[in-house]
Amino acid sequence: MSDPGSESIAISGGGVSSAEAADTIRPKRVMGFRDLLLFYVVTGISLRWIATAAAAGPSSIVIWIGAFLLFYSPLALSVIELSSRYPNEGGIYVWTKRAFGDFSGFMSAWTYWTCNLPYFPAVLYFAASNVIYIRQSAWGHLSNDATFYIIFSLLTLTLATVVNVVGLNVGKWLHNMGAIAMWIPAVIVIVMGGIAFHRFGAANTFTLHTMTPSIHFKDVIFWSLLVFAFGGCETGSFLGGEIKNPRRTIPWAVFAAGVTVAFCYIIGTVGVLVALPSGEVSNLQGLVQAIAKTVERVGYFWTLPLAAFLIALSNVGAAGAYLAAVARLPFVAGIDRFLPPAFGALHPRWKTPWVALLTQYVVGIFFIFLGQAGTNVKGAYDVLASMTVIVYFIPYLYVFAAMIKLQS
């Protein structure tokens, strides 16, 4: 049986997904250890969450540590175990399908895919807010200009889609640049925070009282955002069929990325809190805002436009990486005929799941405009971030449940 733009596949029996069994429809294996490590860094770290944490004050440091120990660590161990056993294209879809059958496999993939659709415009809005700081005096008036945010998001989403349709061997360079660009602003804010602390002292007090998290319901809901920030170590497994030697590469990349992610979130948040009072931190522009405030106090003015550009680039890279990973879920579901067969089609020239990628692109455009409906720019960003979190934890329940079931 064949479809336009795809190659023929055979539906396998014995409870094994045809997405796993079909060797003739796999994309090329182009991801080595370095590429995968940088992929995990760019999907695992989002500098916007450092601003979100800093806005909550010093107690966010305790939440970061708790989220790493209680959520990221068991998630990473589950991903390492499951991806070592089943290093197939589709990751969570394959694991859940093996553990609980077709319906659960599809639902885990569906919920993961849908919860990430608002992610693309949210992260691109954050990138746009940082671009303004490249030339703050000339572009500052755009900070509340919805048209600017929409146009920037449309252009960068188009770029990320095009490079991923052309091929992961091309798209991975956008992801890699985003990961490298992620490091430099984090280092800048840490160093500048240290300089500010040395000259003026900390802008916030770090005591037992200020570092004790609130247990009010609204605050508990807010802390879930920081737990959400540690998600991402499962994404590389979605590309299992495109990773060189995945059984060996994935575990080491997950381990190295986990250390990097925890360091950037915890130390980066400390750097912001040392440099800027938590009440002055904005969710939308917090990190670059902290750098701007610190520059006013200690100098080194050249660091602001550099950091702003790199933060924007890192978030565009993150959007491209998630676009690539999440597209593999409708791709394998299309191969198994749980979605229209066109989703399982590879591009005849570039061997990429182009239908799934273009579908995400179209829906992403819808969310770019939907986020602005009846609200301002900051409100649109908050709405998009909240929409992402609401469904995000459902597929993680499937991961942990599949881990327990397949172990037994």
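The values are calculated or read from the model by the stated rules, or taken from the named source; none is laboratory data. Just so you know, these numbers come straight off a predicted model, no measurement behind them. Note that each Cβ is placed from the backbone with ideal geometry, even for glycine, and that neighbours are counted across all protein chains shown. These accessible areas exclude ligands, DNA and RNA; they are computed on the full protein's heavy atoms, side chains included. Shrake-Rupley method; radii C 1.70, N 1.55, O 1.52, S 1.80 Å.
Highest average first, the peptides 299-308, 332-341 ordered by how many other beta carbon atoms sit within 10 Å of their residues are 332-341, 299-308. For the stretch 108-242, a crude dipole built from +1 on the beta carbon of Lys and Arg and -1 on the beta carbon of Asp and Glu, taken about the Cα centre, is about 280 debye to the nearest 20.
What angle, in degrees between 0 and 90 and rounded to the nearest 10, separates the Cα long axis of helix 303-335 from the longest principal axis of the Cα atoms of the chain? Taking the Cα atoms of the chain, the angle to 303-335 is about 20 degrees.
Dipole magnitude for the chain: computed about the Cα centre from +1 point charges on Lys and Arg Cβ and -1 point charges on Asp and Glu Cβ, it is near 540 debye. Against the main long axis of the alpha-carbon atoms of the chain, helix 286-298 sits at an angle near 30°. Computed log10 I(q)/I(0) for the stretch 199-259 at 0.13 Å⁻¹: -0.63, from the Debye equation with unit scatterers placed on every C-alpha and solvent omitted. Residues whose amide H falls under 5 Å from that of LYS28, counting only those 5 or more places apart or on a different chain, are absent, with hydrogens built in the peptide plane. Placing a pseudo-label 7 Å from each Cα along the Cα-to-Cβ vector at LEU370 and HIS198 gives an inter-label distance of 4.9 nm.
D by Stokes-Einstein for the chain, Kirkwood Rh over Cα pairs, 10 °C, 1.306 mPa s: 74 µm²/s.
Average accessible surface for the chain: 38 Å² per residue, computed with a 1.4 Å probe over protein heavy atoms with every protein chain in place. Helical content alone sets the calculated 222 nm signal of the chain at -23000 deg cm²/dmol, taking -39,500 (n - 2.57) per DSSP H segment of four or more residues and averaging over every residue.
What shape does the stretch 25-140 take by its C-alpha gyration tensor, where a ≥ b ≥ c are the square roots of the eigenvalues and a/c under 1.5 counts as rounded, a/b above b/c as prolate, and the rest as oblate? In terms of gyration-tensor shape, prolate. Between THR158 and LYS405, residue separation times 0.36 nm minus the direct Cα-Cα distance comes to 84.9 nm. Compared with the dominant Cα axis of the chain, that is its longest principal axis, helix 168-200 is turned about 20°.
Among GLU280, GLU242, the order of accessible area from largest down is GLU280, GLU242, computed with a 1.4 Å probe on protein heavy atoms.
PHE33 to VAL166: FRET efficiency via 1/(1 + (r/R0)^6), r the Cβ-Cβ distance, R0 25 Å, to the nearest 0.05? Efficiency, rounded to the nearest 0.05: 0.65. For the chain, the share of accessible area belonging to carbon and sulfur comes to 69 percent (1.4 Å probe, ligands and nucleic acids excluded).
Distances between placed amide hydrogens fall under 5 Å for LEU239 paired with GLY90, all partners being 5 or more residues away or on another chain.
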